[in-house]
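What follows is a single structure, written as structure tokens, with notes after it.
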2 protein chains.
Amino acid sequence: MAVNLPLPVASELFPVAGIELGFAEAGIRKQNRKDLLVMKLAPTATVAGVFTTNRFCAAPVQVCKAHLEGLNISDAPIRALVVNTGNANAGTGDAGLAAANATCVALAELLDCEPSQILPFSTGVILEPLPVDRLKAGLPAAIDNLRADNWYHAAEAIMTTDTQPKAASRRVEIEGKTISLTGISKGAGMIKPNMATMLGFVATDARVSQHVIEHLVKEAADRSFNCITIDGDTSTNDSFMLVATGASDLEVNEIGSPAYLALAQAIVELSQQLAQMIVRDGEGATKFITIAVEEGNSVEECRQVAYAIGHSPLVKTAFFASDPNLGRILAAVGYAGVSDLDVSKLNLYLDDVWVAKNGGRNPEYREEDGQRVMKQSEITIRVKLGRGEACATIWTCDLSHEYVSINADYRS
Amino acid sequence: MAVNLPLPVASELFPVAGIELGFAEAGIRKQNRKDLLVMKLAPTATVAGVFTTNRFCAAPVQVCKAHLEGLNISDAPIRALVVNTGNANAGTGDAGLAAANATCVALAELLDCEPSQILPFSTGVILEPLPVDRLKAGLPAAIDNLRADNWYHAAEAIMTTDTQPKAASRRVEIEGKTISLTGISKGAGMIKPNMATMLGFVATDARVSQHVIEHLVKEAADRSFNCITIDGDTSTNDSFMLVATGASDLEVNEIGSPAYLALAQAIVELSQQLAQMIVRDGEGATKFITIAVEEGNSVEECRQVAYAIGHSPLVKTAFFASDPNLGRILAAVGYAGVSDLDVSKLNLYLDDVWVAKNGGRNPEYREEDGQRVMKQSEITIRVKLGRGEACATIWTCDLSHEYVSINADYRS
């Protein structure tokens, strides 16, 4: 029951020269489903990523970080990314690290490169041993079907509780050169990314220096995946990766240059699209909710207020019920932790409806107006704090019966 | 579907000399239900309270605080508490303050005292005007049935989404004198008290000086109502009040004296009982969960970890499903904000079952053991952080379909 989330059309996902994708059914957790993805990169590619801040960060995340740090001391570029679903390889201790490393060794052998040139990713159940033998056994099949136009299958291969694959693509012209950008994402629960969400991959054929791509990935994450929440649970495996294959003529080597700004805008927009897809497909979601907090003293406090609203189960269930029980939003603002908030300066809007004025019910607010907006599938909550000029926006969904069903049944 | 919460027995709730309780059906929100309570105090009574830290604190909370502060500059003691349900009188601006004050004026007139000697409390829907005329019209009926043995009815009169009244009582002997303690509480949603929960009242007939009772109420709140959470939503109206009527011979005038310690223990135990009743009756609760975090560097970080677990919708739905998907607990520990947590020192137990050892799955952990504990209606999660000697315990419940139903339907 995703919210206004059309299925991607495979033919509208542009290949990105310099990256090929192959998948397999490795039977990691269940039989007869794609659960293994290999993304093979051209030797010219640069790669950067941001990862979960969860202290229980998964073994593959630790390996990814180590291999990316190694780029600074070696000339050997990243040659492939490998993703399995069905098992998060998190909370698995030393055995988990060994399994992630063994994955890299196996794939490196097949691709004739070093294990340090591989980045591994896992998503699925936590605290269970990764069946690394099944994973390794699936790699040759994935390599056999490596193709540049496999993006739709790739999006399918990384799904867990997602109800549908998530992918987006665009072509833009920068400095007279046409480049392609295509990305995929997954995630529907345990979503409150702190650095990036549980698996997002964006690739472009622009040629981007390592220094610049590291800057770009942070900017894109902060303006997309770091602005969404479904259940407030920051995953152990969140990873957002940006790949620039360098197969096109466009070179971007300077942060802030016109080409940088144009590329950054395209990447941010694509990343926002992918991040919002995750919210639209949030576990049990029936509403897509934008929370805009304005007139704050700092972006940080605006985000704090926005997340207090976005995480409140009472607010989320009211939206599920289309019930304009909007005092719950004020309560969430009140406990968000802005200790010197003067509530008499606060205004609350639901789309175009002015609900609370100077901290109390707007005398002109009519319940039927609130009701009208609450019935929509897309709603914007706008809170004006009346303290300053900072603002922040996050995207979230409601909390439905289906959410409980999904999470009560996920493993079984 | 409260969890192991027997109905209180009216005859087992001891009257507390010096306090009388009267109720009425004032029709605040719905007809034919008790929704108004007056508690009349002897002139010898001392009163102290702790209140929500929500910045949108309700009008009656503001009035209570002002009247309690006034005790320092006046000799006029608090003579009555008045509670309405059906409307929280929060997010109601100046009109709300006027309504809370008008309530005090009306009751003071009937009881022949000053408005500043009255403490008003409200609980119910936020952002709607308090129908103060109906409230005032109900006061004479409440005064007409003032009785010392009305505690059961009083507990009924303060219910909102509670499935049953909550009350507890005990008699203790201190320094050879027998005193009575009786308390009531309410609350089932919007429960993550920051100073105290949405309405708890405890009375004793001990004679306690104002200085001492203010200390006692904080100690009792910190060890009871401030250790529970249902949905992480800190209410606008949380109030926990302690009344010492002074009708018995026991005098307690010194913090830390043997009499103080004995009285404090009795009050803390009673308050814990009342606070746990709120969790047992948590909206849609099917499990009562104790979360004990040990071996932390500070009580604060232990509480932080405990609340991260207790608020995680993924953990809560897993408990609802009796599914030992226990990696979700590790994920919550990991994002709790203890930035230098060394997960390799962490151990996790579910009752007597050792689930995670040194940050990974305990090799001897068997799924069927986890399953056995998960099926119980009362479960203790024990996390040992391996960092220090501090510990903290909170109580919470699971997240069920019924929770969503209740909160999707609450107003309608």
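On a 20 Å Cα-Cα criterion, which of the cross-link pairs A:LYS287/A:LYS316; B:LYS345/B:LYS375; B:LYS34/B:LYS136; B:LYS218/B:LYS384; B:LYS316/B:LYS345 come out too long?
Pairs exceeding 20 Å: B:LYS345/B:LYS375; B:LYS218/B:LYS384; B:LYS316/B:LYS345.
Check A:ALA148: other-chain or 5+ apart residues with amide H under 5 Å from its amide H, H built from backbone geometry?
A:LEU21
Anyone know which of A:GLU300, A:GLU269, A:GLU156 comes out most mobile in the 10 Å Cα GNM of chain A?
Per the Cα network of chain A with a 10 Å cutoff, A:GLU300 tops the list.
Can you sort B:ARG328, A:ARG170, B:ARG303, A:ARG33 by how many other beta carbons sit within 10 Å, fewest first?
Sorted ascending by nearby Cβ count, the order is A:ARG33, A:ARG170, B:ARG303, B:ARG328.
Placing the label point 7 Å from Cα along the Cα-to-Cβ direction, what are the distances from A:GLU12 to the equivalent spots in the other copies, shortest first, in nm to one decimal?
6.5
Could you give the distance between the Cα centres of segment B:224-294 and segment B:62-93, to the whole Å?
Distance between centres, Cα-based: 20 Å.
Taking the label point as lying 7 angstrom from Cα along the Cα-to-Cβ axis, what are the distances from A:SER298 to the corresponding position in the remaining copies, in ascending order and in nanometres?
When each copy's label point is compared with this one, the spacings are 1.8 nm.
Under the √(5λ) rule applied to the eigenvalues of the Cα gyration tensor, what semi-axes describe the equivalent ellipsoid of segment A:10-280? Give them in Å, descending.
One finds semi-axes of 26, 20, 18 Å for segment A:10-280.
Note down the magnitude of the dipole of segment B:10-280 about its Cα centre, charges +1 on Lys and Arg C-beta and -1 on Asp and Glu C-beta and zero elsewhere, to the nearest 20 debye.
600
DSSP beta bridges in segment B:288-409, what fraction antiparallel, as a percent rounded to 5?
Details: 16 of 23 bridges.
Approximately 70 percent, going by the DSSP bridge assignments.
Counting other beta carbons within 10 Å of each Cβ, put A:CYS113, A:CYS227 in order, fewest first.
Fewest to most other Cβ atoms nearby, the residues stand as A:CYS113, A:CYS227.
Using a ≥ b ≥ c from the Cα gyration tensor of segment A:288-409 (square roots of the eigenvalues), is it rounded, prolate or oblate, where a/c under 1.5 gives rounded and otherwise the larger of a/b and b/c decides, a/b for prolate? The partial results should precede the final answer.
On the way: a/c = 2.00, a/b = 1.31, b/c = 1.53.
Oblate is the answer for segment A:288-409, as a/c is 1.5 or above yet b/c matches or exceeds a/b.
Do you know the relative contact order of chain A, to the nearest whole percent, from alpha carbon pairs under 8 angstrom that are 6+ apart?
On the way: 1060 pairs, mean separation 75.3, N = 412.
In percent, rounded to a whole number, it is 18.
Which of A:CYS302, B:CYS57 comes first, and how do the rest follow, when ranked by fewest Cβ neighbours within 10 Å?
Least crowded to most crowded, the residues run B:CYS57, A:CYS302.
Rounded to two decimals, what ratio of Rg to Rh does the protein assembly as shown give with C-alpha atoms and a Kirkwood Rh? If you can, show how the numbers build up before the last one.
Numbers: Rg = 29.1 Å, Rh = 28.2 Å.
Checking Rg against Rh, the ratio lands at 1.03.
Only bridges whose two residues both fall in chain A count here: according to DSSP, what percent of them are antiparallel, nearest 5? The partial results should precede the final answer.
Details: 49 of 73 bridges.
Expressed as a percentage, antiparallel bridges in chain A total about 65.
So for segment A:36-155, averaging the separation of alpha carbon pairs under 8 Å that are six or more residues apart and normalising by length, what relative contact order in percent results?
Dividing the mean separation by the residue count of segment A:36-155 yields 33 percent.
State, as an integer percentage, the relative contact order of segment A:244-395 based on alpha-carbon contacts under 8 Å between residues 6 or more apart.
Computed over segment A:244-395, the figure is 34 percent.
If you take every DSSP beta bridge fully contained in the protein assembly as shown, what fraction is antiparallel? Give it as a percent rounded to 5.
Once the DSSP bridges in the protein assembly as shown are tallied, antiparallel ones form about 65 percent.
Got the B:GLU114 label distances to the other copies yet, label 7 Å along Cα→Cβ, in nm, shortest first?
8.2
Rounded to whole Å, give me the distance from the Cα center of segment A:1-39 to that of segment B:103-174.
When both Cα centres are located, 61 Å separates them.
Could you tell me how far the Cα centroid of segment B:359-400 sits from the Cα centroid of segment A:384-399, in Å?
Computed from Cα coordinates, the inter-centre distance equals 36 Å.
Taking the Cα centre of segment A:288-409 as the origin and placing charges on Cβ (Lys, Arg +1; Asp, Glu -1), which of A:VAL338, A:PRO363, A:LEU399 is farthest toward the positive end of the dipole?
A:PRO363
First select every other residue whose beta carbon is under 15 angstrom from the beta carbon of A:ARG134; then total the charges, Lys and Arg +1, Asp and Glu -1.
That works out to +1.
Computed from the coordinates by the stated procedures, all read-outs in this text should not be read as laboratory data. Note that the coordinates shown come from a computational prediction; the quantities given were computed from them, not determined experimentally. FYI the Cβ positions are ideal-geometry reconstructions off the backbone, even for glycines, and counts take in every protein chain you see.
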